[in-house]
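Have a look at the structure below before the remarks.
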Amino acid sequence: MAELKTFAQRCGGRFIVFGSVAQQRLSFDSDFDVIVDVPSAHEVEAVELVEDLCRHHELPADIHLKSLASERLLARIADHAVILP
């Protein structure tokens, strides 16, 4: 996750990790649930970074852009999300 923190700090954004990874409850069918909250000029690069890291760790990715995320999703994860950086 260090790469995500570094990227977020560099571009003035953040990654909101939720689900089993954030709750430290990984299982054989876990995926990496994340909301990418970065300036629009960096969204593609941020998504590609998450995809590359997940591929490297053999972990499926479930990536959402905050600019497109519903308020319902954001409210549902608010209590257990981990924000990077």
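The values are calculated or read from the model by the stated rules, or taken from the named source; none is laboratory data. Keep in mind that this is a model prediction, so the values were computed, not measured. Virtual Cβ from ideal backbone geometry, glycine too; neighbours counted across all protein chains shown. The protein model used for the area step is the full one, side chains on, heavy atoms only, and it has no ligands, DNA or RNA in it. Shrake-Rupley method; radii C 1.70, N 1.55, O 1.52, S 1.80 Å.
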Over all Cα pairs of the chain, the Kirkwood radius sets Rh, and Rg/Rh then becomes 0.94
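In Å², what does the accessible area per residue of the chain work out to with a 1.4 Å probe? If you can, show how the numbers build up before the last one.
Values: 5380 Å² over 85 residues.
Each residue of the chain exposes 63 Å² on average to a 1.4 Å probe.
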Residues of the range 41-85 with backbone N under 19 Å of the label point set 7 Å from the Cα of Phe28 along Cα→Cβ are 58-61
Karplus ³J(HN,Hα) for the range 15-27 (6.51 cos²θ - 1.76 cosθ + 1.60, θ = phi - 60°; Hz, whole; x = Gly/Pro) runs 10, 9, 8, 9, x, 5, 5, 5, 8, 6, 10, 5, 9
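Around Arg10, under 15 Å between beta carbons, what's the net of Lys plus Arg minus Asp minus Glu among the other residues?
Details: positive: Lys5, Arg14; negative: Glu3, Asp37, Glu43, Glu45, Glu48.
Here the count lands on -3.
Roughly how big is the chain's charge dipole about its Cα centre, with Cβ charges of +1 (Lys, Arg) and -1 (Asp, Glu), in debye to the nearest 20?
With Lys and Arg at +1 and Asp and Glu at -1, about 340 debye.
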Residues whose placed amide H lies under 5 Å from that of Arg14, excluding near-sequence neighbours
Asp37, Val38
What does the extension gain come out to for Ala75 and Ala61, with contour length at 0.36 nm per residue minus their alpha carbon separation?
3.0 nm
In the chain, what percent of the accessible surface is made up of carbon and sulfur (1.4 Å probe, ligands and nucleic acids excluded)?
50
